[in-house]
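See below for the structure under consideration.
The values are calculated or read from the model by the stated rules, or taken from the named source; none is laboratory data. Quantities reported herein were computed from a predicted structural model and do not represent experimental measurements. With ideal geometry, Cβ positions are generated from the backbone for all residues, glycine too; neighbour counts draw on all protein chains shown. These accessible areas exclude ligands, DNA and RNA; they are computed on the full protein's heavy atoms, side chains included. Shrake-Rupley method; radii C 1.70, N 1.55, O 1.52, S 1.80 Å.
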Amino acid sequence: MTSTIAVTWVDACAADEIDEEDVIRFDHAGRTFAIFRSPDDAYFATDGLCTHEKVHLADGLVMDNIIECPKHNGRFDYRTGAAKGAPVCVDLKTYPVRIEKGRVLIGLD
Amino acid sequence: MADPTRRDYSLIGLDSRLAVERGLATAEWYKCPVDRKTMKELMKRSDGPAIRDTLLWFAFLAASGFGGWWFWGTWWAVPFFIVYGVLYGSASDSRWHECGHGTAFKTRWMNDVVYHIACFMILREPTVWRWSHTRHHTDTIIVGRDPEIGVQRPPNIFGILIQLFAIKSTWATFKKLCIHATGRLTAEEKTFIPESEQHKVYGVARIYLAIFAAVAVWCFAIGSILPAMFIGLPTFYGCFMGVFFGLTQHAGLDEDVLDHRLNSRTVYMNPVFRFLYLNMNYHVEHHMFPMVPYHALPRLHEVIKADCPKPYSSCWDAYKEIIPALLRQRREPGWYVKRPLPGHVEPLGAPPPGLVAAE
Ligand code: FES
């Protein structure tokens, strides 16, 4: 049996507010997220804080599909949230994203 | 009973607990304002500068090593081995450091290869030091939290002098290699190396010990220390420049402040020193923005220097302050050099009671 989790779509920002191969911070309802635009113009969203020491990833560096944390240079694949090695050992939570009328919406559970 | 004038620099003692209670652990640090566009430019990675500097490093190692081998048995070998030793035992410090941050090269595997080579040269176990340096960046010069406080108060001047030849660090590392090779960690190491990473420590310790045993056997077999002059001994006889550079980073400055401008130094150095040290003389900049690769640190310095204390004009300028400061801290461990901030900002964090700033 498959269970479906209800997702609430939240308007985060304009699509062109994020440069290609970059990230911005989005705060909503007491939570913080990072929204990414990849070099091939796809959008992704993850939790906003590094799983190592709760630093905002939006201050980090996006290189291809990787976000590098500004504090200790830990790396994640922002498409999947996968931690790519020390000092980050715990994956990031990811969220679905869709683009509607030039706006970036992220799906929150 | 514990001496109340001495602080506990261990990671499992009283000051460690106090640092957490006082909000100094994993805290928010002051950052000079830099707009995102400029910062993105500065953080940009490239392989070019590090490939150039690594090829030069290996070329100089090979050339000086060849000279040492060629002239072995004569006094002419001495200058060649001094150069070889500094490249091996001192330049490896900054290579270890930059590649450990993953910023020297853009390509990850290049960082990893040079990281492991440099770690072996300077005799720093790769996994242990990756994690201890992570903590050093989280809690820079926070007593009881930072495992890399090079000069503790009151300073041990004799210890610093023998460290010019890596005696203290190598002795400590060899003891730890023996512990790690048997599949154990010290209690302090367990505080900063996560369990999932601990197994890596044991394997590398066994490899290091095997290499040193092989070199020792080789030396005995041919009746000469020549092989050890290339592998192993340069960690000792070539370490002094690394210590000379390293002392400028934090020695004599404040502890337990959440502002790198107060506990780190930026020192202007000549191009040869900057090649050996990979621009780590821009130490305030590096600590505040560790994402910026070494080759972009001079540019970052230009961007933030108006918001930082005046940099030291030379190593001499820095040591004019460091040597008297350390001697004074022998008598007054609470004394420290207070770096003047550009006026409009107050440092984060509160100094521990009883500490006195320099006027
Ligand atoms: S806080 Fe992100 S890698 Fe340490």
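The stretch B:110-182 and the stretch B:12-44 have Cα centres spaced 21 Å apart.
Helical runs assigned H by DSSP (4 residues or longer) give chain B a calculated mean residue ellipticity at 222 nm of -17500 deg cm²/dmol, each run adding -39500 (n - 2.57) before division by the residue total. Can you pull out the GluC sites (Glu not before Pro) in the stretch B:23-114 that DSSP calls coil and that have at most 16 other Cβ atoms within 10 Å? When the GluC sites (Glu not before Pro) of the stretch B:23-114 are filtered for loop state and at most 16 Cβ neighbours within 10 Å, B:Glu28 remain.
For the stretch B:1-51, the alpha-carbon coordinates run over 56, 29, 17 Å along the three principal axes, in decreasing order. In the structure shown, the pairs A:Lys71/B:Lys305; B:Lys106/B:Lys320; B:Lys44/B:Lys168; B:Lys106/B:Lys310 are assessed against 27 Å; a Cα-Cα span above that value is assigned to B:Lys106/B:Lys320; B:Lys44/B:Lys168; B:Lys106/B:Lys310. Mean-square fluctuations from a GNM of chain B, with a 10 angstrom spring cutoff on Cα atoms, peak among B:Arg17, B:Arg261, B:Arg36 at B:Arg36. Between helix B:91-101 and chain B there is an angle of about 60 degrees, using the helix long axis and the longest principal axis of the Cα atoms.
What number results when the radius of gyration of the stretch B:220-305, computed over Cα atoms, is divided by 2.2 N^0.38 Å?
My calculation over the Cα atoms of the stretch B:220-305 gives 1.45.
The residues of the stretch A:8-108 expose on average 43 square angstrom of accessible surface per residue, using a 1.4 Å probe on protein heavy atoms. For A:Glu17, B:Glu189, the ranking by accessible surface with the largest value first comes to A:Glu17, B:Glu189, using a 1.4 Å probe. The convex hull drawn around the Cα atoms of the stretch B:158-243, when projected onto a plane and averaged over every direction, covers 6.8 nm².
Largest mean-square fluctuation among B:Val86, B:Val113, B:Val303, in a Gaussian network model of chain B whose springs join Cα atoms under 10 Å apart, belongs to B:Val113. When only Cα pairs under 8 Å and 6 or more residues apart are kept, what is the percent relative contact order across chain B? The value is 23 percent.
Note on chain A: GNM, Cα springs under 10 Å; of A:Lys84, A:Lys93, A:Lys54, the largest mean-square fluctuation is that of A:Lys54. A Förster radius of 60 Å combined with the Cβ-Cβ distance from A:Ala6 to B:Leu55 puts the calculated FRET efficiency at roughly 0.55. When the Debye formula is applied to the Cα atoms of the protein assembly as shown, each taken as the same point scatterer, what base-10 log of I(q)/I(0) results at q = 0.06, 0.08, 0.10, 0.12 Å⁻¹? Values, matching the q order: -0.29, -0.52, -0.80, -1.13. Counting only protein heavy atoms and a 1.4 Å probe, the stretch B:180-333 has 41 square angstrom of accessible area per residue.
Take the Cβ atoms of B:Ala213 and B:Lys175, set R0 to 22 Å, and the FRET efficiency comes out at 0.85.
Round to a whole angstrom and tell me the spacing of the C-alpha centers of the stretch B:281-306 and the stretch A:15-68. Computed from Cα coordinates, the inter-centre distance equals 23 Å. With q set to 0.08, 0.13 Å⁻¹, the log10 of I(q)/I(0) for chain B, from the Debye formula over equal scatterers at the Cα positions, is -0.41, -1.11. As an equivalent ellipsoid, chain A spans semi-axes of 21, 17, 13 angstrom, where each value is the square root of five times an eigenvalue of the C-alpha gyration tensor, largest first.
As a size descriptor, the averaged projected area of the C-alpha convex hull of the stretch B:192-242 was calculated at 4.8 nm².
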